[in-house]
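A short write-up of the structure that comes next.
The values are calculated or read from the model by the stated rules, or taken from the named source; none is laboratory data. Just so it is clear, the structure is predicted and the values come from calculations on it, not from any experiment. Cβ atoms come from the backbone with ideal geometry, glycine included; neighbour counts cover every protein chain shown. Remember, those area values only see protein heavy atoms, side chains included, never the ligands or the DNA or RNA. Shrake-Rupley method; radii C 1.70, N 1.55, O 1.52, S 1.80 Å.
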Amino acid sequence: MQRLLLVEDEAPIVQSLTPALQAEGYAVTAAERGADALAAMAMEGFDAVLLDLGLPDMDGKDVIARIREWSEVPILVLSARHLEAEKIAALDLGADDYVNKPFAMGELLARIRAVLRGRERKFSSRSRFVAGPLSIDFSSRIVRIEDEVMHLTPREYDLLRTLALHAGRVVTHRQIALAVWGGAEVVEAQVVRVLVAQLRQKLEADSARPRLIRTEQGLGYRMIEPDAGK
C-alpha cells in the first residue's frame, strides 16, 4: 500500500480527501502544520506528499525546500494561489506538479499516479523511453521518430532527455536552463522557447499542434507520459 502525506490546514478538505484517497488504496497521514509534516517525513517513509502552500506556521515553499535538502519524494502542490510566480517558485524548488484548488478528484488521482510513476522511472534502470512515435535510447543517445533516426544538436538532445526523464510533469524554464546550459550563464526564457521550437520542428508531425512536448502556459513544458510497459 502506497503511503501519502497530506499537508493541509483546512479540516473540510482533509475530511473529504482522506476517505477518497483511502478508497483508492492509499494509506493517508495528515499534517496541519509545516513543522508537523517535516517531523513526519523524518520519522516515516512516504511515497508522495500532497502539500498546501498556505500553512499556518510556514510557507509551503519552505517545506518543499526543506524536504529537498534530503529527500526525492514526489511532491504534488495543492493550492488556491493562482499566480504563475507562485507555481514557478514551487516547481523550481523541487515540487513535481501543481494542482489548483478547487480540483476534480479524478484529476488529482491522475496527477498522483503520474508523480508516483515518475518516481518509479527515476529509480529504474531502463535505458529507453518510448512515447507514441518517439523513442530514445539513452545509452547510445539515438532518437527515432517511427523508424527514422533524428539528428539532434547536443543541446536539443539534452533538452529532450530532461523532458523525457520528467515525463508527465511540468519542467520550468529555469530547470531546463540549468539542465541544458548549466549554471555558468543566465539563460532567458525566450532562448529556451527557441530551443523547444527547434526540437518540435524535428520531432512533431505538426509543430504548431504539438503532441509530444506540450506547453504549460507561463510555467514551462510537459512531455507526454511513456507508453505502458516500455
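The residue that is modelled with the lowest pLDDT, counting only those in the range 198-221 that are surrounded by 19 or more Cβ atoms within 10 Å (Cβ to Cβ) and farther than 14 Å from L134 by Cβ, is G220.
The set of residues in the range 133-165 being out of contact with any helix residue (DSSP H, G or I) (no Cβ under 7 Å at 6 or more places or on another chain) and buried (at least 18 other Cβ atoms within 10 Å of the Cβ) consists of S135, Y157, R161, L163, A164.
Filtering the range 73-90 to residues that are part of a loop (DSSP other than H, G, I, E, B) and open to solvent by 40 Å² or more (accessible area, probe 1.4 Å) leaves A80, R81, H82, L83. Test A40 against the stated conditions and say whether it is in contact with a Ser or Thr (Cβ under 9 Å, 6 or more places away or on another chain) and at pLDDT 95 or above. No; evaluated as a whole, the condition is false for this residue.
No other residue among L195, L93 is surrounded by 17 or more Cβ atoms within 10 Å (Cβ to Cβ), assigned by TED's automatic domain parsing to the domain that holds L6 and modelled with pLDDT of 90 or more apart from L93. For the range 25-46, a residue qualifies if it is surrounded by fewer than 18 Cβ atoms within 10 Å (Cβ to Cβ), under 10 Å from D57 (Cβ atoms) and not charged (D, E, K, R), and exactly one does: A35.
Do you know which of the residues in the range 175-192 that are free of Cβ contacts under 8 Å to residues at least 40 places away in the same chain and of a type in the set (V, I, T) is surrounded by the most Cβ atoms within 10 Å (Cβ to Cβ)?
So the residue we want is V192.
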